[in-house]
Amino acid sequence: MAAVGALSRIVRLGSRICKNRVTLGGNSQRRGIAACIDPSHGLTDEQKEFQKVAFDFAANEMAPHMAEWDQKEIFPVETMRKAAQLGFGGIYVQPDVGGSGLSRLDTSIIFEALSTGCVSTTAYISIHNMCAWMIDSYGNKEQREKFCPDLCSMERFASYCLTEPGSGSDAASLLTSAQRKGDHYILNGSKAFISGGGDTDVYVVMCRTGGKGPKGISCLVVEKGTPGLSFGKKEKKVGWNSQPTRAVIFEDCLVPVANRLGEEGQGFNIAMKGLNGGRINIASCSLGAAHASVQLARDHLLVRKQFGETLSNNQFLQFKLAEMATKLVASRLLIREAAQALQENRSDAVAICSMAKLFATDECFNICNQALQMHGGYGYLKDYAVQQFVRDIRVHQILEGTNEVMRMIISRNLLSES
């Protein structure tokens, strides 16, 4: 019933916020979607409703500003708060603390749709959602009531702090330490490549409270303004420019023991549980970019003329477009299967989530890159959205566990069950 209430709110507020559909790159984002790539296939009526709200929000509130946010490196706080009014600030957080209480599949559907308007901004929203879910799932009553309502409304923003300068893929080797003294931890170390770093309010930090390895890692929630918390310079990135990225630095940073999620030594497990969902989320963001790019490429082929006829009459390009559409739909099906597996807590969930992240982020990047190629020289201009989709989703093959690590997880699962 809670999910039904959230759906009603999403649809009602969506109608108010997204009154008129606008265009992406001059073409209607949803006009004339070919049946074979229609993302609404297989969805319930309820899922189609909030998918439509998310598509409309992407077209009205995000796509018109996507290029400006990228070029001027604007963190669109007010736009994200509008998204939160639709329930997109805590999509799979429980309703008793302000969340929408929707499923992992529902979440994927929403992030795919939002990413057609701006991948970079949607990717940050997905990270924020992951942090809110961690607090909701592993926090006690006081922690959930303290943090979750403001995160779900996006009055406060969250960042996930796992990666360090010396520990990326080998996350269990992290060095940031937290020594307990009385009712506080003294936190020392630094985190690298933190989305939202310096601009956000709540930092979900993995740190070492015990010995070496994953069992020595705990999870602390650090609030902006805490003595000893500081930030590095804003990084200059190829893409993801609508969200700031900085190092997060802890120098004798005093964090209350009351801000620890779960027990000491549980942090690595919390981090990995969060990343399983994070991998589906980021794959869904790649999916939205690929869907938009197929649409843009199709429209370009229909109007661009060379050698006396439109490019759509060129059989080589027809075949390329067919391959792009096939890989798009295959990616979508795998991502949605992974979302179902995670929701049902199936034994294959970790491997399937890794497969979805590996396949979708690789193939969706190839789709966007091929769409750029089909645009010719125009695709290399920043006046055309396709180049930004290429730049924004390239990093999806690196973060939330590199695609090389995804291969390790999948092969380990196969070989351990032989």
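The values are calculated or read from the model by the stated rules, or taken from the named source; none is laboratory data. If you're wondering where the values come from, they're calculated on a predicted model, not measured in any experiment. Here the Cβ positions follow ideal geometry from the backbone for every residue, glycine too, while neighbour counts run over all protein chains shown. Surface areas here come from the heavy atoms of the whole protein model, side chains and all, with no ligands, DNA or RNA. Shrake-Rupley method; radii C 1.70, N 1.55, O 1.52, S 1.80 Å.
Which number in (1) over 26 Å from residue 398 (Cα atoms); (2) surrounded by fewer than 16 Cβ atoms within 10 Å (Cβ to Cβ) marks the one condition that residue 185 misses?
(2)
Does residue 101 satisfy being surrounded by 14 or more Cβ atoms within 10 Å (Cβ to Cβ), on the phi > 0 side of the Ramachandran plot and not assigned by the TED database to the domain that holds residue 201?
Taking the combined requirement at face value, the residue satisfies it.
What number of residues within segment 291-316 are assigned to a helix (DSSP H, G or I) and not β-branched (Val, Ile, Thr)?
16
State all residues of segment 143-197 that are modelled with pLDDT of 95 or more and of a type in the set (Asp, Glu); if no residue qualifies, say none.
Across segment 143-197, the qualifying residues are 145, 150, 155, 164, 183.
What residue, among those in segment 232-251 that are open to solvent by less than 40 Å² (accessible area, probe 1.4 Å), assigned to a loop (DSSP other than H, G, I, E, B) and not small (Gly, Ala, Ser), is nearest to residue 198 (Cα to Cα)?
244
Does any residue of segment 256-268 turn out to be of a type in the set (Phe, Trp, Tyr), closer than 20 Å to residue 129 by Cβ and buried (at least 16 other Cβ atoms within 10 Å of the Cβ)?
Within segment 256-268 (the criterion being of a type in the set (Phe, Trp, Tyr), closer than 20 Å to residue 129 by Cβ and buried (at least 16 other Cβ atoms within 10 Å of the Cβ)), the answer is no, since none of the residues qualifies.
Only one of (1) under 30 Å from residue 387 (Cβ atoms); (2) assigned to a loop (DSSP other than H, G, I, E, B) fails for residue 226. Which number is that?
Exception for residue 226: condition (1).
Residue check: is residue 120 buried (at least 24 other Cβ atoms within 10 Å of the Cβ) and in contact with a Gly (Cβ under 7 Å, 6 or more places away or on another chain)?
Considered against the rule, which asks whether it is buried (at least 24 other Cβ atoms within 10 Å of the Cβ) and in contact with a Gly (Cβ under 7 Å, 6 or more places away or on another chain), residue 120 comes out as yes.
Out of 358, 287, 321, which single residue is out of contact with any helix residue (DSSP H, G or I) (no Cβ under 6 Å at 6 or more places or on another chain) and among the aliphatic types (A, V, I, L, M)?
None of the other options fit; the residue is 321.
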